[in-house]
Amino acid sequence: WVLKHGVIGSLSRQDSVPTQDIIKEENLRDDLKYYFMNPCEKYRARRNIPWKLGVQILKIVMITTQLILFGLNNQLVVSYKEENTMALKNLFLKDYRGVDEDDYSVAVYTQHDVYDRLFYVLEQYSQLGRLSVGPISYAEDEDGKLLPLVVCKECYKKGSLEPSDGVYNIDAQLETIQHFIFDFSVGHQNDVFKPLPAFVSRLVDITITFQLKGINLQTVRSRELPDCYSFSVTITFDNQCHSGMVKIWLNIGTERSACTDWKISGTAQKNTHYLLVFDGFVILICLTSAVLCTRSIILAVRLLQRFSRFLHENYNRKVCEDDQREFLNGWYVLVIVSDLLAIIGSILKMEIQAKSLTSYDVCSIFLGTSTLMVWVSVIRYLGYFQKYNVLILTMKAAFPKVLRFCCCAGMIYLGYTFCGWIVLGPYHEKFEGLSRVAECLFSLLNGDDMFTTFAQLKDKNTVVWLFSRAYLFTFISLFIYMVLSLFIALITDAYETIKNYQENGFPLTDLQKFLREQKDFPVVEENSQTDVHIRRSVLCCCPRYKFMVQFVCGSSMTSYH
């Protein structure tokens, strides 16, 4: 009423300054209250449609659908590679049993067996078109000529060994002998491998490499264009240990490419166009989401600057860290990062659909990580409900303490990891590498596979066997009964604190007091008692309209307080 009838206009300029400050304060409070409202409250307050919420819901549906479609296609690709690897091992490795050991597929122990396996590879390769049941054939160069099969023998330059007398003469420098085979006649094979027994004692390894071509026809069932594949096959005869056992394994490098000339009838090509349009729409939705979240972050920074300026001008105080974290919303950062990952993954997926890119694994990482972050960001909306907010608040309260605790416990864990690797590695398969030791100890920490870890240790060395018992018993006792219990206690303590706050009320920060119009901010040193009295009276607990009426009627702020 006062503002409407212009009573303030009759006041002097000096008397109108406090009123302007109050209006400015109320505007700031209204903006802050609106910013911290949830989408439903914003709609009830100003009838603003929650576009950002709608975009997030649509994005979740579309990204999840995109991930499922890509995952189904990726499964076909992975299964095709794995089944081809198994087929080639059975084709080229004689006496292969279908199961690999830790670091080899087949092992031989005599010179005859090594010679026999080498011949077997070349014979099978020469009859590949007649043996294989799949669409696979030899690779050719740009001129249409057959690419050669390469046999590479690596051995010491010279060497003579007399184990009975303990005498040896070895030149540590290695020499490599390569043979490029285009003709697979038996005589040519004998020329390649005939000198093998002469230097078998100084032989390090033999590597056979060749390339094959194949077509993945199973994608036709999912109404997509078939892909062409190039397989780089490497068969290695490993004799580096010179222990009397030659390890043989087969590795395959796979490269996917678009077929040069193809013709297909049906809906496969149309389905590819639809998928490209869908991926483009996903990119558009993610861009919209990133723009809206960036806009919210910019607005939050501006509100923080206004609130900080208000506290500094009126109370000579700075905004506390808890209040700053309220403005700098980590959920928006998470959504923006997930949007960027989804955009990159969608672009890679479109390139794969267009047959101009083959990095399925890289695309899977981007799409999978973005989908993970999108679904995690849903917790933000559940946090608007008190019953669902316990998890978020508990994680937020316990995270700093848990992080510090993990840093301390991690030092002990690393000590056990290095110790187990150096002492137990030669005697236990679970301790052969640092990564395997860390995985084994983590399994023991969670109570998994304990008896097997104890039982699999070779007891040929009594000292190591006794050490292993002390090592395993102390680790399990320390980490399960003490470290893990303390870890759970930290989280339980944070949960009890949050539960108590929900029942009795959370401690109010300066921001929350300001929003609730509680004007009992502590004031840092003022020049005079009058200034302190005036500042406190501006933020009094009385309703605003009573204060304005008293002020307009001529009473001073000090007397009203």
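The values are calculated or read from the model by the stated rules, or taken from the named source; none is laboratory data. Everything quoted here is computed from the prediction, not taken from an experiment. All Cβ positions, even for glycine, are placed from backbone atoms using ideal geometry, and neighbour counts span all protein chains on display. What goes into the accessible areas is simple: the full protein's heavy atoms, side chains included, and nothing from ligands, DNA or RNA. Shrake-Rupley method; radii C 1.70, N 1.55, O 1.52, S 1.80 Å.
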Looking at (1) open to solvent by 60 Å² or more (accessible area, probe 1.4 Å); (2) under 26 Å from residue 88 (Cα atoms); (3) in contact (Cβ under 8 Å) with a residue 40 or more places away in the chain; (4) not polar (S, T, N, Q), which is the only condition residue 149 fails?
(1)
Quick one: residue 356 ticks every box in (1) assigned to a loop (DSSP other than H, G, I, E, B); (2) in contact (Cβ under 8 Å) with a residue 40 or more places away in the chain; (3) more than 30 Å from residue 285 (Cβ to Cβ); (4) not β-branched (Val, Ile, Thr) bar one, so which box is it?
(3)
Check residue 283 against each of (1) out of contact with any Asp or Glu (no Cβ under 9 Å at 6 or more places or on another chain); (2) in a helix (DSSP H, G or I); (3) modelled with pLDDT under 85; (4) surrounded by 14 or more Cβ atoms within 10 Å (Cβ to Cβ) and name the one condition it does not meet.
(3)
Here is a check on your reading of the model: is residue 94 more than 21 Å from residue 255 (Cβ to Cβ), of a type outside the set (Val, Ile, Thr), assigned by the TED database to the domain that holds residue 200 and more than 40 Å from the chain's Cα centre (by Cα)?
yes
Residues that are aliphatic (A, V, I, L, M) and either modelled with pLDDT under 85 or surrounded by fewer than 16 Cβ atoms within 10 Å (Cβ to Cβ) (or both), drawn from the range 403-434:
403, 411, 412, 414, 422, 434
Output the qualifying pairs, or none if there are none: Cβ atoms under 9 angstrom, residues six or more apart or on different chains, first residue in the range 28-51 and among the small types (Gly, Ala, Ser), second residue in a loop (DSSP other than H, G, I, E, B) and at pLDDT below 75.
45/37
Of the residues 495, 471, 501, only one is more than 30 Å from residue 410 (Cα to Cα), at pLDDT 60 or above and in the same structural domain as residue 401 (by the TED database); which?
501
Reported set for the range 287-308 where residues are under 10 Å from residue 327 (Cα atoms) and among the basic types (Lys, Arg) is 302
The conditions are (1) farther than 19 Å from residue 294 by Cβ; (2) modelled with pLDDT of 80 or more, and residue 41 fails exactly one of them. Which is it?
(2)
Return the total of residues in the range 467-481 being closer than 18 Å to residue 417 by Cα and open to solvent by 60 Å² or more (accessible area, probe 1.4 Å).
3
